[in-house]
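Below is one structure, written out as structure tokens; the observations come after it.
Values in this text are rule-based calculations from the coordinates and carry no lab data. Keep in mind that what you see is a predicted model, and the values were worked out from it rather than measured. We place every Cβ from the backbone using ideal geometry, glycine too, and count neighbours over all the protein chains shown.
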Amino acid sequence: MQNIQHYIAQNKDRFINELFELLKIPSISADSAFSQDVINTAEMVKKSLKEAGCDIVEICETDGYPIVYGEKTIDENLPTVLVYGHYDVQPPDPMDLWNSPPFEPVIKETSRHPDGAIFARGACDDKGQFYMHVKAVEFMIKTDQLPCNVKFMIEGEEEVGSKSLSAFVAGNQAKLANDIILISDTGMIANDVPSITTGLRGLSYVEVEMTGPNRDLHSGLYGGAVANPINVLSKMIASLHDENNHITIPGFYDKVEELTAEERGEMAKAPFSLEDYQMALDIESVYGEKGYTTNERNSIRPTLDVNGIWGGYIGEGAKTVIASKAYAKISMRLVPHQDWQEITRLFTEHFENIAPKGVKVKVTPHHGGQGYVTPIDTIGYRAASRAYETTFGKKPIPQRSGGSIPIVSLFEKELGSKTILMGFGLDSDAIHSPNEHFGIWNYLKGIETIPHFYHFFTEMSS
Ligand code: BES
Ligand code: MN
Ligand code: MN
């Protein structure tokens, strides 16, 4: 029986070259100028699933971008793993901060990746990570070692809220039936500190528009006498946190899950250096909610952040003006039991409430989703843990992440199955930022670890 390490050693260059081809297409779902590229990427994903040995491969059309579906059934009586991933990527801008073009992948060494890392938009989020599954399944099929059935569902709208996927999942429950969902779209602590993501935060994303006078005004003639939307919006946004950095929206914390001292004690055991954290970001100090550690602030606590704010004159030089309008995009990361639609409503009511007379406020919800926490006393988690133990030589640490994959909670609701988040990226891989990259070591380690999961999961299920 051929082993996975041997297969990787023989096929490593091909695995990297194939990923390069995928990374060269700018599948930016947020920008309609790239719609043909997104569609072409779906075709390439379909082809890769076919070549890996799937019996059924389909492009499933939706109201938005297509979902690529693949399947290899070996025996109806065996368990089925459903792999989810996304082939769309974030926009690359700001372009001038990239050291090499975002859609021309190159390998460069970094301090965390001495074996080299692939630099390209989507290298880690999520093309490199879902492609590990395509290659791991290729290995199992080609060497006759696939121990159970597998289904793939790779979408093209994750970075813009997975709108079409929600309807697809709700309408295809039988087709997507599975025993466990497997996703590599998160990270781990470090290459020598493997971890499995056991939680994701929910999300509510809104845009606010504030209107003052019906036109831009001379700031000398009118300044001081009418509400300046930018001043007012800034003041309102500032008031959303109190002096302890608690969020002031009434009802915001009502349903927040409070962890026990024991659970917080467990969390605190994960290796973490505040000094390294600050140094990596060039900050003198961290900042956040009073009473919580950095790792708690960015995973088990809800947050509110302005993602963008604009209005008035921002061109060269100075222009004396009071703008008629001001805008902001605001995201709230949510934790278990907070309902994103309820939070969106609470935000809207509060924001409208605190607006002074003299301005009009309009809140437009963008998208959102529920958080997710996966138990660790399940076959799925134990199988993943043993797979990591086999390939890393260490037991992985369960760790809750601050990021969001809103569709995961919907999978549980519609398909009734749990998700295992086997992410192989590092926080320093710069996902969504310029110079995104994915370690070659991580890419190959993922391909090596995944087949062990199939093996243990099938064994433990019988
Ligand atoms: N893969 C990320 C989410 C992620 C990254 C979770 C790292 C945990 C660790 C995903 O592609 C993403 O960017 N999600 C968005 C939300 C989405 C609705 C746009 C996010 O978290 O901002
Ligand atoms: Mn992702
Ligand atoms: Mn992303």
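Per-structure values
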read-out	value
Qualifying chymotrypsin sites (Phe, Trp or Tyr not before Pro) in region 201-289, DSSP loop, other Cβ atoms within 10 Å at most 15	Tyr222, Tyr253, Phe272, Tyr287
Under 29 Å from Lys235, Cα to Cα: lysines that are on another chain or at least 8 residues apart	Lys255, Lys290, Lys319, Lys325, Lys329, Lys357, Lys360, Lys362
Neighbour-count order for Trp441, Trp310, Trp340, fewest beta carbons within 10 angstrom listed first	Trp310, Trp441, Trp340
Length gained when the stretch Lys357-Asp192 is fully extended (0.36 nm per residue, less Cα-Cα span)	53.7 nm
DSSP-defined antiparallel bridges as percent of all bridges, the chain, nearest 5	70 percent
Candidates per GluC sites (Glu not before Pro) in region 6-115, loop by DSSP, up to 13 other Cβ within 10 Å	Glu61, Glu76, Glu109
Selection of GluC sites (Glu not before Pro), region 310-393, meeting DSSP coil and at most 12 other Cβ within 10 Å	Glu316
Taking Arg301, Arg264 and counting other C-beta atoms within 10 Å, the order from fewest to most	Arg264, Arg301
Under 27 Å from the Cα of Lys394 - lysines, other chains or at least 8 residues apart	Lys12, Lys127, Lys135, Lys269, Lys418, Lys445
Calculated from backbone phi, Karplus (6.51, -1.76, 1.60) coupling profile of region 167-175 in Hz, x at Gly/Pro	5, 4, 5, 5, x, 9, 4, 5, 4
Long-range amide H partners of Val83 with built H, under 5 Å	Lys151, Phe152, Met153, Leu182
10 Å beta-carbon shell around Ile67, net charge (K/R +1, D/E -1)	-4
Normalised contact order of the chain, rounded percent, pairs of Cα under 8 Å and 6 or more residues apart	25 percent
Reference-scaled alpha-carbon Rg (2.2 N^0.38 Å with N residues) for the chain	1.04
Region 305-388, relative contact order [Cα under 8 Å, separation at least 6], %	25 percent
